[in-house]
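The values are calculated or read from the model by the stated rules, or taken from the named source; none is laboratory data. Everything quoted here is computed from the prediction, not taken from an experiment. Cβ sites come from the backbone with ideal geometry, for glycine too, and all protein chains shown count toward neighbours. Just the protein is used for accessible areas: all its heavy atoms, side chains included, with ligands, DNA and RNA removed. Shrake-Rupley method; radii C 1.70, N 1.55, O 1.52, S 1.80 Å.
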Amino acid sequence: MSTGTVAKPSAAPKKAGRRKLTWPWILLIVAAGLVLFSLVRVVSGADDLTSVGQISGALQLAVPIAMAGLGGLWAERSGVVNIGLEGMMILGTWFGAWAGYQWGPWTGVVVGILGGAVGGLLHAIITVTFNVNHIVSGVAINILAVGFTQYLSNFTFAEAEGGSSKQSPRIDPITDITIPGLSDWLIDLQQKHWFLISDLAGILGGLVTHLSLLTIVAALLIPATWWILWRTSFGLRLRSCGENPVAAESLGVNVYKYKYIAVVVSGGLAGLGGAFLAIVSTGIYQEGQTGGRGYIGLAAMIFGNWMPGGMALGASLFGFTDSLKIRGGAENVHALLLLVALLLVIAAAWQLYKKKYMSAVVSGIFSAGFFIWYFVTDEVPSQFVDAAPYITTLLVLALSAQRLRMPKADGLPYRKGQGK
């Protein structure tokens with residue numbers, strides 16, 4: 001009887017995961033995007049597409065959305081869905097303006113943050129302690145914030161000099177920064193309208209011209225959030241509450257405490273976004289000035305796959321399209337049709353490479369439709385101009401939906417000790 005060696009069964013091949021983008025690839029994608037924008041600008045003649053004013057305006061419009069999105073990220077990483085971001089932003093606008101016109105803009109910023117944090121605390125009490133449905137709680141806070149601020153305005157702003165029941169008196173501006181010499185040189189270079197060089201100058205010029213100090217503070221909060229949540233033991237415990245609170249509790253994590261901290265911070269960040277709107281963007285509180293930016297911030301967070309960098313990219317995209325309708329209006333949005341058509345061509349080619357033929361055909365059909373729309377018209381309807389930022393947000397969310405992964409316990413009810 002032969003005693004041959006029995007071969008061990010080979011291990012099952014591991015399923016290839018999604019490749020993580022490295023910095024060289026990220027820089028290559030950014031460079032390709034810049035070339036595409038420059039090409040669209042040259043072909044369409046919409047020279048304001050990448051101007052210093054356009055980039056500066058886009059940055060100012062993106063900050064409130066980014067702060068709302070960052071607030072949503074903190075809450076949802078702990079397992080609490082925060083639909084109440086809009087209401088917390090409203091509280092931030094009102095309290096920021098109320099304190100700002102009386103005691104200065106920086107005091108207004110602090111009080112605006114506290115106003116939003118109070119809204120976050122209320123949401124935490126309702127959802128974490130009383131285990132009420134997170135969506136119901138968030139919607140209730142949005143409604144309460146509108147009514148509460150309208151009530152307060154009737155006997156505060158209405159009686160103040162320069163104010164009314166729907167708006168506050170003027171708030172002193174926060175200092176902004178312009179780097180002398182460099183800013184002027186970049187503006188001159190951008191106005192030459194050279195391919196690629198002027199576009200790069202416009203983008204850099206927008207980052208060094210009339211840059212509010214509060215914008216810098218808000219921008220620094222994005223990498224700070226990444227470091228706290230992904231590089232500290234505190235962040236690990238907080239994120240474990242959003243993934244598996246029962247397991248986290250079994251390891252000694254006080255799940256309630258971390259959820260409370262996350263949701264209060266979430267409200268504070270949304271309040272900061274609201275204060276930015278009132279103090280930096282307009283210099284005045286106006287009823288309804290948030291304009292749904294809390295919801296858009298939530299959409300930016302989802303687009304960014306619950307990560308700070310992706311969220312910032314989503315907020316920048318909305319801020320850019322929102323700024324297009326302000327500067328250049330119909331001409332810039334018309335040029336955007338050509339940009340979308342080219343992006344769909346790239347998407348179709350990528351789908352063909354991945355052998356997803358149906359997706360490639362659909363992308364190609366839509367691309368042809370946008371090309372035809374662009375070449376047979378000189379401008380787009382004013383209604384489309386106003387809706388462009390929201391349409392862009394919906395399209396981006398629809399196209400990115402397949403790669404999203406929310407925290408596993410996000411929005412799920414949790415009771416202390418339920419794993420025992």
Keeping all protein chains in the complex and leaving out DNA, RNA and ligands, what accessible area do you get for ILE179 with a 1.4 Å probe, in Å² to the nearest 10? 70 Å²
Carbon and sulfur atoms account, in whole percent of the 1.4 Å probe accessible area of segment 252-406, for 68 percent
Ignoring ligands, DNA and RNA, what accessible area per residue does the chain give at 1.4 Å, in Å²? 51 Å²
Counting other Cβ atoms within 10 Å of each Cβ, which chymotrypsin sites (Phe, Trp or Tyr not before Pro) in segment 47-122 have at most 11 and sit in a DSSP loop? none
Using modelled amide H (1.01 Å from N, peptide plane; none on Pro or chain starts), what sits under 5 Å from the amide H of ILE177, excluding residues fewer than 5 places away? HIS210, LEU211, SER212, LEU213
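With an 8 Å cut-off on Cα pairs and a minimum separation of 6 or more residues, tell me the relative contact order of segment 170-258 in percent.
Value for segment 170-258: 22 percent.
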May I ask for the distance between the Cα centers of segment 226-265 and segment 273-306, given as a whole number of Å? 26 Å
One would report the Cα pair-distance distribution of the chain, bin width 10 Å, in %, as 5, 19, 27, 24, 16, 5, 2, 1, 1, 0, 0
Do any chymotrypsin sites (Phe, Trp or Tyr not before Pro) in segment 187-231 lie in a DSSP loop with no more than 11 other beta carbon atoms within 10 Å, and if so, which? PHE195
Can you send over the solvent-accessible area of TYR357, 1.4 Å probe, protein chains only, in Å² to the nearest 10? 130 Å²
Low-density loop positions, trypsin sites (Lys or Arg not before Pro), segment 186-279 - DSSP coil, at most 13 other Cβ in 10 Å: LYS192
Among ALA68, ALA341, ALA312, which one shows the biggest mean-square fluctuation in a GNM of the chain, springs joining Cα atoms closer than 10 Å? ALA341
From most to least accessible, 1.4 Å probe, no ligand or DNA/RNA atoms counted, ILE125, ILE90 line up as ILE125, ILE90
